[in-house]
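The values are calculated or read from the model by the stated rules, or taken from the named source; none is laboratory data. Just so you know, these numbers come straight off a predicted model, no measurement behind them. Glycine also receives a Cβ, built like all others from the backbone with ideal geometry; neighbour counts cover every protein chain displayed.
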Amino acid sequence: MSVDLLASSAPFRMMRTKAVQSHHAEQLQSPQTPIQDAYDTQEQMVDSIPLATLSILPDPVFPVELERVIFEDTAVFYPAAIPALLCVARRVFIWIEPFLFRIIRTDRKPLADAVLHAMKAKPASFFDTSVRHVYFKLGSHSTQWTETEACALLSLCPRLHSFGAVAYWSPAALPPILNELHAVRRFSGCLDDIFGHALAVDLKLPFFQRITHMDVFENFGDVSWNKGRGGLQICADLAGLPALTHLCVHRGVHEGLLNHILKECVHLKVLMTKFDVVDHAREHAAAIQITDGRYLVVVTGTDEEYWADWERGARGGMDFWAAADEFVARKRNGEISASSYLLDHW
């Protein structure tokens, strides 16, 4: 039976409706209830159900294997319903709890607090099988994560797929940990922050040899960046990354350097200049003279909008990278003018 057919079935609709209603009811009773409190309450609630009671509950409508698929698909497509799903039954709690931690953002305080709690209460294997995407924002007023806690979490997540950070790290603190993350394919952040300072930036690190999608936040085209090491050296380092196919750079990187990147990075499929203000992006797109069809200008909006898009992509939705692939393909097929560069909605 297909997932679409299951989703249209009466039992599935009834389960989903009850879960969502329960979730909304909890929100109405306590609009500010943090995920941490909900997490503790749900775990205690499930653990408090006597085994004898569970044994006399009615059998599931579907076989257990099929039931699990339904609940897991619900968690994927309706992540806001996860707290309610955790209350359904002990077996559902076991299936669904990992989805609560699949994508971790430390700028979301309730979730950030729940992760810190779980790091003390859960075995290392839980994070190994659960966490796939992490964004750290350290030093903000909204969260109190320390560098030590962040490094500890990364060490627990060897199967991470994407890693993003807006944080300054102590020199040499992060690279040894990153080298153990063999599954990461997307990196978003400032290179000089990752290495502690600009002079320590080293893209020969094994971590970067596996990256396919890179969003570099700093303006490495500025002559003052890295005390004269300059953009040409970074271009040479980028060209040496065997897996890199998608690169997004700061709006300050000048046209000469962009052309150099396109020339040297032969494996590159997409090169983008990122803007947060649409008017500035339009001005840049109107003035640019790059003829390479792999280049475009993207509007990612505010920091919050950028990381929301990052999360959308992590959940399998249409993010700006997927939209850029479509844009470049349409240019290649003649559906979009060769002189069109601007990607401002998707």
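Looking at PRO98, PRO110, which one is surrounded by fewer than 21 Cβ atoms within 10 Å (Cβ to Cβ) and modelled with pLDDT under 90? Before the answer, list the steps.
Details: PRO98 fails: modelled with pLDDT under 90.
Among PRO98, PRO110, only PRO110 is surrounded by fewer than 21 Cβ atoms within 10 Å (Cβ to Cβ) and modelled with pLDDT under 90.
Checking each residue in segment 137-160 for being modelled with pLDDT of 95 or more, in contact with a strand residue (DSSP E or B) (Cβ under 8 Å, 6 or more places away or on another chain) and among the polar types (S, T, N, Q) picks out no residue at all. For segment 208-247, the set of residues classified as hydrophobic (A, V, I, L, M, F, W, C), modelled with pLDDT of 90 or more and either surrounded by 17 or more Cβ atoms within 10 Å (Cβ to Cβ) or outside the structural domain of LEU191 (by TED's automatic domain parsing) (or both) consists of PHE208, ILE211, MET214, VAL216, PHE217, LEU238, ALA239, LEU241, LEU244, LEU247, listed by residue number.
Within segment 50-69, identify whether any single residue is surrounded by 17 or more Cβ atoms within 10 Å (Cβ to Cβ), modelled with pLDDT under 90 and closer than 30 Å to ALA183 by Cα, and answer yes or no. No, segment 50-69 has no match at all.
Just checking, does segment 115-136 include any residue being at pLDDT below 90 and either surrounded by fewer than 21 Cβ atoms within 10 Å (Cβ to Cβ) or over 20 Å from VAL216 (Cα atoms) (or both)? Even if it seems obvious, please write down each step before you answer.
Quick first cut of segment 115-136, residues at pLDDT below 90 only: none.
No.
Each residue in segment 179-207 was checked for being surrounded by fewer than 20 Cβ atoms within 10 Å (Cβ to Cβ), under 19 Å from the mean Cα position of the chain (by Cα) and among the basic types (Lys, Arg), and 1 of them qualify. For segment 179-207, a residue qualifies if it is in a helix (DSSP H, G or I) and either closer than 17 Å to ALA314 by Cα or among the small types (Gly, Ala, Ser) (or both), and the qualifying residues are ALA198, ALA200.
Applying the condition of being touching a helix residue (DSSP H, G or I) at 6+ places or on another chain (Cβ under 8 Å) and among the aromatic types (Phe, Trp, Tyr) to segment 299-346 and asking which residue is surrounded by the fewest Cβ atoms within 10 Å (Cβ to Cβ) yields TRP346. Just give me the residues in segment 265-291 being in contact with a strand residue (DSSP E or B) (Cβ under 8 Å, 6 or more places away or on another chain) and of a type outside the set (A, V, I, L, M, F, W, C), in sequence order. Listed by number, the residues that qualify are LYS269, THR273, LYS274, ASP276, ARG282, HIS284.
If you go through segment 104-117 and keep only what is among the aliphatic types (A, V, I, L, M) and free of Cβ contacts under 8 Å to residues at least 60 places away in the same chain, you end up with ILE104, ALA112, VAL115, LEU116.
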